[in-house]
Every structure is written in C-alpha cells, then in structure tokens.
Amino acid sequence: MTLLIFIGSLLGAMAVGVPVAFALMFCAVMLMLHLDMYNAQIVAQNMISGADTFTLLAIPFFLLAGELMNSGGLSKRIISFALACVGHIKGGLGIVAILAAVIMASLSGSAAADTAALAAILVPMMRDAGYNLPRSAGLMAAGGVIAPVIPPSMAFIIFGVAANVSISRLFMAGIAPGLLMAFTLVATWMFVNRKSTVATLPKRSAAYRLKATGQAAWALGMPVIVLGGIRFGIVTPTEAAVVAVVYAWFVGTFVYRELTVKDLYSVILRAAHTTSIVMFLVAAALVSAWLITAANIPAELGNILEPLIEHPKLLMLAMMVLIFVIGTALDLTPTILILTPVLLPVVKMAGIDPVYFGVMFVMNTCISLLTPPVGVVLNVASGVARVPLGQVVVGVSPFLLAYFVLLMLFVAVPELITVPMQWLY
C-alpha cells in the first residue's frame, strides 16, 4: 500500500503538470500523512540538510567550468584538433564528432551542452559534405550522451550523494564504459556509412596536425589535471571542480583570449540558473528519500523482487528495463534522485557492487535521453541542427540500438566495468 501511495502521488502530480521538484515534495507529504507523522519541519529540515553538503559544491563549479569552456574557445579548438587527426578517414566527420565528444565529455560532463556545441559546428560541415542530415544530427545526440558517463560527471556526483557511494570510485569506473560507448559509436557509424560516396577531407600534413595539437593543448590539459588530481589523491572531486573553473577561466581569458570581463556575467548567470534547478531537485528528492526509508518502501520492493535477488544478472536486467522506461519520461537528474533510494537497498541485498550499479544506472538514463517523449538531447540536436525532431529520431535509431546491445553486454559481463575500475582506482 505504501509503495502504491508513493508511486501514485508522484506520477499523479507529474501527470497534471506539477514540476518534478514539487511533485517529489508532494509525494513526501502524502507519505507522511499515510504514516500519520505529518510535520512541515521534516520537509524544511531535510531540504536544508540535503542541499547543505560539501560534495554537492562540485555541481555549480563543474557547470561553471563547462560554461567557461564553451565561451572561452576550448570546445572549438578540440573539434579543430579532432578534424586534423581523423578528418581524412572515410566517414571522417562522424569520427571527428565522436572523438570531440569524448574529449569534451572529460571537460564539461553535460550531455545537452556537448550536443549543442558539436551540432553547431559539425552539422553544417556534414551537410555541405553531403552526409545524411538526420543521421548526422542523430550522431551528435548519441555522442553528446557520453558526457555524463566519462568523468567529471554531474550525474555521478548526484548518484554518489543520493547513494552514499564514493564519487572518486564512480569517476574512475566511468572511464572504460564511456570509451566503449565511443568505440561502439565509431563501429556503428562506419557500418551505416559503408556504402557512402561522400568525399573525405584531405589528409593534413604533420606540420598542420602539430599546430592543431599545440592550439588544443591547453584544452586537452584540463581533463589530465582534473582526473589526475582525483586519481592520485591530490584533490577531492569538489576541489577538482574549483581547479577546473580556474583553469578554464585562465585559458579562455589569457591564452585563447576569447573570454572577456563582459562575458563573465552571462557565463556565471547561465551556470547559476542551471545550478538552482539541479540543487532544488536534489533538496526535494532527499526529503522523499528520507520518507522512503521511514516508510520501509525498499523492503516492500525487495519482497516483490525477492525471486530475482538470488539471480543478480536477471535482477540487473529487470532494473535496467525499469530505469529505461522511467527515464524516457523524465530527465536524467530526477530519474537518479527518484529511483536511487528505492533500488539501492535491493542492489545491496543481491550483493551487486553499488559502484557498478551506479555506472549502469547513469549510462541507462543517458541512453533514455535519446528517446521520445521527452528526449532532452534529441530536442537539443534537432533545434541546433535545424532538423525536424521526427527525422532525428530516425537518424539516431542505429546508434540507440548499438547502445542497447552494449548495455546488455555490461549486464552479462560486469567485469567489463569492475576490472578497469580496480586498475584505475
């Protein structure tokens, strides 16, 4: 009964158009009324204590670093570097997009921002070269969703706080699956373009490549500093976010000289706007998380899933289906905040590594960003590339199918994630 009240009140509120954060608070109040423990102070105290976490400071700083990176010219030089390296290969512009997506993912961690940057620069080039436009826009979207999987990742920070799991371990665990997502995209792009007659770009000289590498060197240095600092214990993820901000500001202002004092106001404003949305969601979700524990909902769900607890791979498969279905209707952050406190106790009962589960959770929600009806990244790719949404859905379908195959491979062989994590951590 308690589980039905939780699901019914949450979905009912969202169905009538209540914003997700307020729907979470409404759901918490309904649970309190059901448990006969209503107290407005519980809501206020849990919201304040939920947001008052040192770890969560990484979110505004990484968001600000991403905005500084885009405004300071780092993204543009990364794409130029990728063009110089692999632009001459058959289907080269697509491979450029994937390589640039991986590098940019290690800088910003935002799927929407990376998709917008890639589509704005590369889709016009692919259109002029004669590539299939909807497929090109679909590739930009599929490449963009790598961002939350490769660290630094805001999604991992949110999951780590909600699940009380080491964010540093999540960061290291995300590297291998993120790179495998990129290799999967390359293989799929080469397959769908195997009969393409699009002319390739001329092969650049060694001197040109060296020049492009030199121009992008400062941008390429950012993930080395951030991930290296975390890996060797020099900085925490939160401190690494501050380092990223200072580094992106310094490079954009004094090295590339594309970031001016006038730009800082709009950059900080955009980062603050996104931060306020995310932090309010986190605060509201942690109220629900407290009530979920108090109402013993994980135990109810555990009883439902009890036949699968002895079979961890089947349990993971069932949870991946659930996460994907919910992820198609919600954005990444609400999906993590709503489902993590419900599913994590079941994961622990089944003996599944919470870090492995967190990586799978985030990857799954990223894939769901490529599907209607919400499809946040699809909408970004459609708007920036100026391609109708329906056509982008068709264009992204082969990459979406490839991601599903990779996700099922990770379910069947968890060592593909856990073993590299042990090497890296």
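Summary table
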read-out: Sequence of Cys85, Cys27 once ranked by neighbouring C-beta atoms within 10 Å, starting from the fewest; value: Cys85, Cys27
read-out: Nearest 10 degrees, 0 to 90: helix 74-86 Cα axis against the chain principal axis; value: 60
read-out: Check: the range 276-425 dipole with +1 on Lys, Arg Cβ and -1 on Asp, Glu Cβ, in debye; value: 340
read-out: Largest to smallest principal axis extent of the C-alpha atoms in the range 2-424, angstrom; value: 72, 48, 44
read-out: Selected from Thr333, Leu4, Leu64, residue furthest toward positive end of dipole (the chain; charges at beta carbon); value: Leu64
read-out: Förster radius 25 Å - calculated FRET efficiency between Ala294 and Lys348, Cβ distance, rounded to 0.05; value: 0.85
read-out: Reach of Lys313 by Cα under 26 Å, taken over lysines that are not fewer than 8 positions away in the same chain; value: Lys348
read-out: Cα-based reach from Lys76 at 19 Å (exclusive), listing aspartates and glutamates while leaving out same-chain residues under 8 positions away; value: Glu67, Asp114, Asp128, Glu258, Asp263
read-out: Inter-probe distance in nm under a simple model that places probes 7 Å from Cα toward Cβ, at Gln45 and Tyr265; value: 4.3
read-out: Inter-probe distance in nm under a simple model that places probes 7 Å from Cα toward Cβ, at Met408 and Lys90; value: 2.8
read-out: Size of electric dipole in the chain: Cβ of Lys, Arg +1 and of Asp, Glu -1, about Cα centre, debye, nearest 20; value: 1780
read-out: Residues Lys313 and Trp423, FRET efficiency given R0 of 25 Å [Cβ-Cβ distance, rounded to 0.05]; value: 0.65
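Laboratory data are not the source of any read-out in this text; all were calculated from the coordinates shown. Keep in mind that this is a model prediction, so the values were computed, not measured. Every residue, glycine as well, gets a Cβ built from its backbone with ideal geometry; the counts of neighbours run over all protein chains shown.
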